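Participant: This is the structure I want to talk about, given as structure tokens.
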Amino acid sequence: MEKYDVTQPVVLKKGVYQLNDEPNFNYQLNRVINWDGGRLEDVEKVSRKIHDSADWKRELIGLGDTALEEGRTGNAIAYYRMSEFFMYDGDPDKKKYYEKATKLFDAYYADFFEGEHKRIDRVEVPFGDVKLPVMHVVPTGKSRGTIVLHGGNDSYFEEFLFSVLYLQEKGFEVYMFEGPGQGGVMRLQGVHFTHEWEKPTGAILDYFHLEDVTIIGISLGGYLAPRAAALDKRIKRVVAWSVFPCFQDILVSMQPMPVQRAFHLFMKLHAKGLLNLVFEKKAKKSPIIDWGIRHGCYAYEAPDAYSYAKKLKLYDLAPVADRITQDMLILGANGDHFIDYRLIGREINMLTNVRSLTFRLFTDKEDAQNHCNVGNGKLALDTICDWIDQVTT
């Protein structure tokens, strides 16, 4: 099998494309292209055929098979990896294609991890009964600092490869890890999410004897990283790569205000039966909502939609926000289909003891308007690097 040429420059893709009328399918297709190594010309051919999870699975696997037959292994990895994204938990193909993608990844990108041009150490850090996978890189020259990086609700260890390499080229030592609920830690080792993110983060800091680090949390990591920083002062700077004051609020943040008020009232009244009925009706009308509820119940170990929504209240920054005393950067996006960036006001009001607070709103004028700025990751990473320099000089 061919291998990736590790001597070529690291290039982060840029662009936002209208590929599907359903916002989440559209977003994830953009992610396939910009973060996972897919090709626009491939994705465009199938994007309008996708209307539900079965369509997604069929079309992405098809793209992967074609790419592999044509010797385009990097593209195949992207399609196989993301093919399992909208598969329902319990589908045997979910694990099959996850493992297929990771095995291809390990073989295709092997020269980054071994041999003459090795740039990355791959380490497994003990955490309870499982092991957390870590990518570790050091810069070739003088270090600008140490970064601990992790994803969020649906991240994969492998999709951060080029972000890690880019940060290395910018002069940073980076430890990128996958924690409970993420990638192979959940899919292969069976460990689901925890809101107590200081525990896996602490395991990483302990293992590598780290002090004075910047933590970067992406998407749900916008809660997880600040939570860890609040409770572990070895973290000196914190980057929330998404506005994320409370997961339960975010669940309904894009709904009309009367719907939000009704949701919070019913949650307060513990109206389990009524809310489960509402969620069931919504799920029947929308394949995306159906998948979201079922996957959420699995990832957060909840028996029903109400219990899932209730668990999300644990992912609330408010109880620990006043314990965040570090420099903090929050990144938002004005076209984020998951999160109303205007929740930033609530988050700012929580952060009463931070050393400094910076909020950067990315926009459609910068091709960075979507969730986690998937359309322009380079701009987001450059912003983070510049901010670290500003608060450490």
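Coordinate-derived values only; no laboratory data. Remember, it's a predicted structure, so these values are computed and weren't measured experimentally. All Cβ positions, glycine included, derive from the backbone under ideal geometry; neighbour counts span all protein chains shown.
Participant: Can you give the charge dipole size of the chain about its Cα centre, rounded to the nearest 20 debye, using +1 on the beta carbon of Lys and Arg and -1 on the beta carbon of Asp and Glu?
Facilitator: 1060 debye
Participant: Moving on to the next point. Once Lys and Arg get +1 and Asp and Glu get -1 on their Cβ, which of 303, 334, 320 lies farthest toward the positive end of the dipole of the range 295-342?
Facilitator: Of the candidates, 303 comes out farthest on the positive side.
Participant: For residue 359, which sequence-distant residues (separation of 5 or more, or a different chain) have an amide H within less than 5 Å of its own amide H, given hydrogens modelled in the peptide plane?
Facilitator: For residue 359, whose amide H was placed from the backbone, the distant partners under 5 Å are 330.
Participant: With the contact rule set at Cα under 8 Å and sequence spacing of 6 or more, what percent relative contact order holds for the range 250-393?
Facilitator: Averaging sequence separation for qualifying contacts and normalising by length gives 19 percent for the range 250-393.
Participant: In whole Hz and in residue order, list the ³J(HN,Hα) couplings for the range 304-310 that follow from phi through the Karplus curve 6.51 cos²θ - 1.76 cosθ + 1.60, θ = phi - 60°; x for Gly and Pro.
Facilitator: 7, 4, 4, 5, 4, 4, 5
Participant: Out of the GluC sites (Glu not before Pro) in the range 193-255, which ones are loop residues according to DSSP with at most 15 other C-beta atoms within 10 Å?
Facilitator: Listed in order of number, the matching sites are 196, 211.
Participant: Still on this structure, please answer the following. Please compute the contact order of the chain in relative form: average sequence separation of alpha-carbon pairs under 8 Å and at least six residues apart, divided by the residue count, as a percent.
Facilitator: 15 percent
Participant: Sort out for me the Cα centre separation of the range 276-291 from the range 1-56, rounded to whole Å.
Facilitator: Comparing the Cα centres of the range 276-291 and the range 1-56, I get a distance of 26 Å.
Participant: Can you compute the FRET efficiency between residue 52 and residue 363 using 1/(1 + (r/R0)^6), with r the Cβ-Cβ distance and R0 = 35 Å? Round to the nearest 0.05.
Facilitator: Step by step, r from the Cβ atoms, then E = 0.65.
Participant: Still on this structure, I have one more. Residue 142: which aspartates and glutamates have alpha carbons under 14 Å from its alpha carbon, excluding same-chain residues fewer than 8 sequence positions away?
Facilitator: Reachable aspartates and glutamates: 169, 173, 389.
Participant: Run the helix sum for the chain: -39,500 (n - 2.57) per DSSP H stretch of 4+ residues, divided by residue count, reported at 222 nm to the nearest 500 deg cm²/dmol.
Facilitator: -13500 deg cm²/dmol
Participant: What trypsin sites (Lys or Arg not before Pro) does the range 194-303 have in DSSP loop regions with at most 12 other beta carbons within 10 Å?
Facilitator: Hits after loop and neighbour filter: 233.
Participant: Full-extension gain between residue 1 and residue 212, please, as 0.36 nm times their residue separation minus the C-alpha to C-alpha distance.
Facilitator: Between residue 1 and residue 212, full extension yields an extra 71.8 nm.
Participant: Just want to confirm a number: the relative contact order over the range 28-174, from Cα pairs under 8 angstrom separated by 6+ residues, in percent.
Facilitator: Relative contact order here is 16 percent.
Participant: Right, another one. Could you work out Rg/(2.2 N^0.38 Å) for the chain, with Rg from alpha carbons only?
Facilitator: Compared with the compact-globule rule of thumb, the chain sits at 0.95.
Participant: Within 10 Å, Cβ to Cβ, of residue 28, how many net charges do the neighbouring residues add up to if Lys/Arg are +1 and Asp/Glu are -1?
Facilitator: My count for the surroundings of residue 28 gives -2.
Participant: Another question, if that's okay. Any aspartates and glutamates with Cα under 16 Å of the residue 282 Cα? List them, leaving off those in the same chain fewer than 8 positions away.
Facilitator: 22, 52, 290, 304
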